[in-house]
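Below is one structure, written out as structure tokens; comments come after it.
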Amino acid sequence: MDTVIAVVVSLAAAVLFGLSDVVEQDTTHKVPERRALSPRLLLDLAKRRVWLAAIGVNILGNILQVVALHSARWPSSSRSWSATCCSPRSSPWS
């Protein structure tokens with residue numbers, strides 16, 4: 001059951017990340033063009049509620065990702081995944 005919750009929550013987080021990226025990019029194209037990382041550009045964006053809402057959605061996506069990682073089942077083995085799958089003894093070419 002923990003795995004199902006983790007998958008559903010992580011998918012919801014992915015949707016929120018995608019939504020916030022689209023809204024942030026769309027809003028960025030609607031402000032006057034300025035130098036990259038210009039404080040004036042950030043002020044122009046901060047005046048737009050849609051951009052601020054997209055930042056909030058991004059934060060919510062991060063929170064959901066933490067919840068998903070916390071609720072997922074992790075292997076109890078002391079060996080890491082990379083050591084298990086990529087060791088010379090388990091190579092498909094040997």
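The values are calculated or read from the model by the stated rules, or taken from the named source; none is laboratory data. Please read all numbers here as calculations on a predicted model, not as lab measurements. Glycine also receives a Cβ, built like all others from the backbone with ideal geometry; neighbour counts cover every protein chain displayed.
One residue alone among Val9, Val22 is assigned to a helix (DSSP H, G or I) and either without any contact (Cβ under 8 Å) to a residue 40 or more places away in the chain or farther than 30 Å from Val67 by Cβ (or both), and that residue is Val22. Filtering segment 39-77 to residues that are without any contact (Cβ under 8 Å) to a residue 12 or more places away in the chain and charged (D, E, K, R) leaves Arg40, Lys47, Arg49. Take the conditions under 30 Å from Asp2 (Cβ atoms), in a helix (DSSP H, G or I) and touching a Phe, Trp or Tyr at 6+ places or on another chain (Cβ under 8 Å) and apply them to Asn58. Does it pass? In short, yes. Is it the case that some residue within segment 76-94 is modelled with pLDDT under 90, surrounded by 13 or more Cβ atoms within 10 Å (Cβ to Cβ) and among the small types (Gly, Ala, Ser)? No - not one qualifying residue is present in segment 76-94.
Give the residues of segment 27-52 that are assigned to a helix (DSSP H, G or I), touching a helix residue (DSSP H, G or I) at 6+ places or on another chain (Cβ under 8 Å) and not β-branched (Val, Ile, Thr), sorted by residue number. Across segment 27-52, the qualifying residues are Leu45, Ala46, Trp51, Leu52.
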